[in-house]
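Read the structure below first, then the notes.
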Amino acid sequence: MMSAATGGAGLDIDEVFSTYLYDGNGSTQTITNDIDLDGEGGMVWIKSRTSTTTAFIFDTERGATTSVTPSDSNPEESSGTTLTSFNSDGFSNSSSAKVNG
């Protein structure tokens, strides 16, 4: 259990962290992982397990359409073709092969 800075009740790890494997479908898709990214904020890390493409990291500070790609020489990329939103129970992604191939 994580302690709150003010000494109040802490959060359980499953309220702030989730590993979720999904199959890309080449179409738009909503991923439900029960993490409140819309209200509480957070980060999404997407990486294909079947190709050598780079990982994409999205956070609620930059917004759903800006990713960080840690293995690129120009790591921050703004694009409207990746995630479409952070939701109260996960996130939604676009049909882009980057996140849904």
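The values are calculated or read from the model by the stated rules, or taken from the named source; none is laboratory data. None of these values were measured; they are calculated from a predicted model. All Cβ positions, even for glycine, are placed from backbone atoms using ideal geometry, and neighbour counts span all protein chains on display. SASA here: full protein model, heavy atoms, side chains in, ligands and nucleic acids out. Shrake-Rupley method; radii C 1.70, N 1.55, O 1.52, S 1.80 Å.
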Item to complete: State whether one or more residues within region 21-30 are open to solvent by 70 Å² or more (accessible area, probe 1.4 Å), in contact (Cβ under 8 Å) with a residue 24 or more places away in the chain and in a helix (DSSP H, G or I).
Response: no
Worksheet item: For region 31-80, how many residues meet the condition of being open to solvent by 30 Å² or more (accessible area, probe 1.4 Å) and in contact with a Phe, Trp or Tyr (Cβ under 6 Å, 6 or more places away or on another chain)?
Response: 2
Discussion item. Return the residues of region 81-94 that are assigned to a loop (DSSP other than H, G, I, E, B) and buried (at least 16 other Cβ atoms within 10 Å of the Cβ); say none if nothing qualifies.
Written reply: 82, 94
Worksheet entry | Of residues in region 70-101 being at pLDDT below 90 and touching a helix residue (DSSP H, G or I) at 6+ places or on another chain (Cβ under 9 Å), the one nearest to residue 57 (Cα to Cα) | 82
